[in-house]
Amino acid sequence: MKAKRGIVAVLAAMLVISAVGCQGGGENTSSQSSQSSTSGDVTSSDASQGTTTGTDYPDYLNLDSALPLANETQKMSIVVYQRSGQGKADDIWFWEYARQEMNIDFDVTQVTSSAEYKSTAFATDSLPDIWFQMFLTSVEQLTYGEREEQLIDLSGYINETLTPNMMRIYNEYPEYLGKITSPSGAIYSLGGITNPKSAAMTFYINKQWLEEANMELPTTLEDFTAAMEAFKQRGSDIVPMAGDAGDSTRYLLNAFGYVTHAAESQTTIAMRNGQPVIPAGDREVFGEYLKTVAEYYEKGYLSQDLYTIDNETTRALMQNGKIGFGQSSFISFAPNNETEWSAAPFLTSEYNDTAKVASNYNSVSNQSFAISHTCKTPELAMRFVDWWFDYDNYHLAIFGPTAEQEDLFLGKIDSGWTYATDDEDDATKVYPAVEDGSYPTAGEYHYAKIQGIIGGYVGLCYDLFEDSQYRSSPASNTRGEQDIITPQITDEYYPVIQSFTDEQNTAITDLSSVINAYIKENVAEFVTGKRAVTDEELTAYFDGLDAIGFQEYLQYYVDYYNDVYLPSVQ
């Protein structure tokens, strides 16, 4: 580990990536793309054990066929974020598939707090071979990659021999490689490639409840508020809007003109009226937003456990028909969700005359796969992740084998899926374990029995080359998504990968920790009624924010947008 060996960092003037939320956006230079794409040399010094240069690779590695990845079983350790409802590793089909078909026997550590695990592991240098869906932010990639050298640079391993699937993509779309490459030319983490022609977030509303209240789909904040009041009148146990403070409140924030995507939307850089803003420090509009959310909370439109409610509780409320509005991650749990629910249009308001939502910011991400410097088989790790960058492989990992692929059940599952109909345009899958009531939804079955990680985070996540053996799901319009949401999609959002100097990045990190804590504490007090949302109290809040460096913090993002980003795209 570099710092512990006493080597002085020399990167003070080097540009580094600093991203907000998930990664996406950004451009690459031709020299960076060429260097990363054509090199067959392994250049990472800390990963040199068992590695030679050029086209000479360890004997254990199988480079003659797609599978197995190793000629004989290799053991590797891997840490994985475990989502709520996800099964234990020993019960998951994918890890057995890796063992039997790839010849990789993974020692899997599942963690429910990625932040806590990362803090401890990096501090003690007790590292897994592979980090999988562990949300490695760009700041962490800089810190533990370039500075501490605890994560290896993957760029030298991306070549036609080790990673043919990735190279097929990057040769066709070199800009995708640029989006994950730091200005220094290094790549410390990989992620997923998803369809960019979709909204960054989608919400749904119970149209049956609207019809019973003689209401149309709301298109203004005023109409939406009236709908939530009507929903609440259905019963004291009704929670009109689903989720915690990072869920449905984003929809309300959007109604005030903030184009954002992040769950931490109040503290994340966004756009409003074509200008960069951090919503929680915007004196002009954020106070009015707070008044609305506080009113929603007081009237019971939002959960009274807004800051503590978990996903399992929200899902249970949805399954029991107690919720009338929620984001896409909860809609599958609603009764009769395909017939009684509709996509919810984004709203206009007194402060926002055009309804719009950011396009998919996460079409190319880089937070979910990294290799530690202690890994003795980095080439195998790269072969493993490259397997995911073939869409058919990704599809298998996420949905499991078909009913006809009995040889792939591997003693972990009793049956595979079939298509619901013979219609080649219908990609709907039927699972016996869902049909017989063992699992309420296909999603819960996937979590419990199939997936090592959930979909969308690693690999080629859609049929980019339109050559898959599987039916491609058309853009969803089951609940009117294409008719209602697609016309509102905009590319006017703040770039989610930014380049700052090392000095700037350090200042931003230091300021954000203090500022975000202040915002979260005070906003929670306003929303829950512990602090009155009066003009006097709001002025005190904003003054306090400025006193701890908010304007300096915001200016870094404003200057980057005006001086770096805009010239790069004009």
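Only the coordinates and a few stated rules stand behind these numbers; no lab work does. This is a predicted model, so every value here is computed, not measured. We place every Cβ from the backbone using ideal geometry, glycine too, and count neighbours over all the protein chains shown.
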So which trypsin sites (Lys or Arg not before Pro) in the range 488-539 are both in a DSSP loop and have at most 15 other Cβ atoms within 10 Å of their Cβ?
530
Tally Lys/Arg at +1 and Asp/Glu at -1 over every other residue whose Cβ is under 14 Å from the Cβ of residue 519; what's the total?
-3
How high is the relative contact order of the chain, in percent, with contacts defined as C-alpha pairs under 8 Å that are six or more residues apart?
24 percent
What FRET efficiency comes out for the pair residue 219/residue 478, r = Cβ-Cβ distance, R0 = 30 Å, nearest 0.05?
0.90
Segments 106-119, 249-262, 289-302 sorted - mean Cβ within 10 Å per residue, highest first:
249-262, 289-302, 106-119
Under Karplus coefficients 6.51, -1.76 and 1.60, residue-wise ³J(HN,Hα) of the range 195-201 in Hz, glycine/proline x:
5, x, 8, 8, 7, 5, 8
Starting with the highest mean, order 120-128, 269-277 by the number of other Cβ atoms within 10 Å, averaged over the residues of each peptide.
269-277, 120-128
Would you please give the FRET efficiency between residue 288 and residue 120, computed as 1/(1 + (r/R0)^6) with r the Cβ-Cβ distance and R0 = 56 Å, to the nearest 0.05?
0.85
Kirkwood-based Rg over Rh for the range 125-221 (C-alpha set), two decimals?
1.23
Within 13 Å, Cβ to Cβ, of residue 492, how many net charges do the neighbouring residues add up to if Lys/Arg are +1 and Asp/Glu are -1?
+1
Using R₀ = 30 Å, calculate the FRET efficiency as 1/(1 + (r/R₀)^6) where r is the Cβ-Cβ separation of residue 410 and residue 320; round to 0.05.
0.25
With a cut-off of at most 15 other beta carbons within 10 Å, and DSSP calling the residue loop, which GluC sites (Glu not before Pro) in the range 382-449 qualify? Please list them.
404, 424
Just how many % of Cα pairs in the range 188-346 lie over 24 Å apart, if you round to the nearest whole percent?
34 percent
Calculate how many DSSP beta bridges within the chain are antiparallel, expressed in % of all such bridges and rounded to the nearest 5.
60 percent
For a label point 7 Å along the Cα-to-beta-carbon line of residue 510, residues of the range 539-554 with backbone N under 20 Å:
545-554
Suppose the chain between residue 195 and residue 525 were pulled fully straight at 0.36 nm per residue; how much longer would it get relative to their current alpha carbon spacing?
114.9 nm
In Å, descending, principal axis extents of the Cα set of the range 398-524:
57, 38, 33
Once you charge only the Cβ atoms, +1 for Lys and Arg and -1 for Asp and Glu, what is the size of the charge dipole of the chain about its Cα centre, to the nearest 20 debye?
900 debye
Any lysines whose Cα falls less than 18 Å from that of residue 197, other than same-chain ones fewer than 8 residues away, would be 179, 356
If each part is reduced to its alpha-carbon centroid, the range 236-256 and the range 511-570 end up apart, in Å, by 21 Å
14 Å beta-carbon shell around residue 479, net charge (K/R +1, D/E -1)
-3
Amide H neighbours of residue 105 under 5 Å, counting only residues 5+ apart in sequence or on other chains, H built in-plane at 1.01 Å?
74, 75, 76
Rg/Rg_ref, the range 336-446, where Rg_ref = 2.2 N^0.38 Å and atoms are Cα:
1.54
What 222 nm value per residue comes from the helices of the chain, counting each DSSP H run with n ≥ 4 as -39,500 (n - 2.57) and dividing by all residues, nearest 500 deg cm²/dmol?
-9000 deg cm²/dmol
Determine which residues of the range 445-481 fall in the zone a paramagnetic label at residue 421 would reach in this model, i.e. backbone nitrogen under 19 Å from the point 7 Å along Cα→Cβ.
470-481
Which of the peptides 457-463, 167-173 is most tightly packed, and how do the rest follow, judged by the mean count of other Cβ atoms within 10 Å per residue?
457-463, 167-173
